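The values are calculated or read from the model by the stated rules, or taken from the named source; none is laboratory data. Here the structure is a predicted model, which means the values were calculated and not measured. Glycine gets a Cβ as well: all are built from the backbone with ideal geometry, and neighbour counts include every protein chain shown. Ligands, DNA and RNA are stripped out before the accessible areas are found, and what is left, the full protein with its side chains, is counted by its heavy atoms. Shrake-Rupley method; radii C 1.70, N 1.55, O 1.52, S 1.80 Å.
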Amino acid sequence: MRELVLTQPGRALEEEMVRETERSGSRREFEVRLHECGPVAYRVAQGVLRNRADAEDVAQEALLRAYRKFDRLRDPTRFRAWLVRIVFRLALDRLRSRKRRESRETTWALPERRPAPPTAEDLACSTELRARLECAMDELPEKLRLVLLLTAMQGYTLEEVSGMLGIPMGTVKSRLFFARKQLAEKLR
């Protein structure tokens, strides 16, 4: 009986050491993947939210969720696509929450005045053109804006965007087409 009692704690210690070794290996792999894909999380959040502070918060929250559930990821090579989906969903949730809050606040706040339309001289300035482009981008639906952001502005291929978002290639192509078309109409 004593032999059994003496060997049990040793086995438990060995099992704990094996689990700790697996966890540290998983942590190292996560750190490598995070180094490769961390900036993408912020860029996706920024593309959806159009607000730096919110984008930083969402990116951090997404990275924390990814870290906590990294051991559940079946295929570690799909980490980037998995992380983009997490960030995109969290950013959409934050955007919806912000829109609900703003609609509640506008019921008792004074309406904002719109600035006068820019003149031709104003549009010639690159800062004005950039502001107009950002405004036009903000008016695009989130799904179209994200595909446009990832392909045209971040330089990802259609195949990479399809993998990141988990949608078919045809859907990516059609969203990109409609995003470009709507953006061109808004900039005219």
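Structure notes:
- Under the condition of being loosely packed, with under 12 Cβ neighbours inside 10 Å and assigned to a helix (DSSP H, G or I), the residues counted in region 72-87 number 2.
- Check on GLY47, surrounded by 13 or more Cβ atoms within 10 Å (Cβ to Cβ) and over 20 Å from LYS143 (Cα atoms): no
- Hits in region 148-176 - residues which are aliphatic (A, V, I, L, M) and either closer than 22 Å to THR77 by Cβ or part of a loop (DSSP other than H, G, I, E, B) (or both): LEU150, LEU158, VAL161, MET164, LEU165, ILE167, MET169, VAL172
- When region 31-44 is limited to residues that are within 12 Å of PHE79 (Cβ to Cβ), open to solvent by less than 10 Å² (accessible area, probe 1.4 Å) and not small (Gly, Ala, Ser), the one that is modelled with the lowest pLDDT turns out to be CYS37.
- Residue in region 132-142 that is acidic (Asp, Glu), outside any helix (DSSP H, G or I) and at pLDDT below 85 present: no
- Complete set of residues in region 88-100 that are surrounded by 14 or more Cβ atoms within 10 Å (Cβ to Cβ) and among the small types (Gly, Ala, Ser): ALA91
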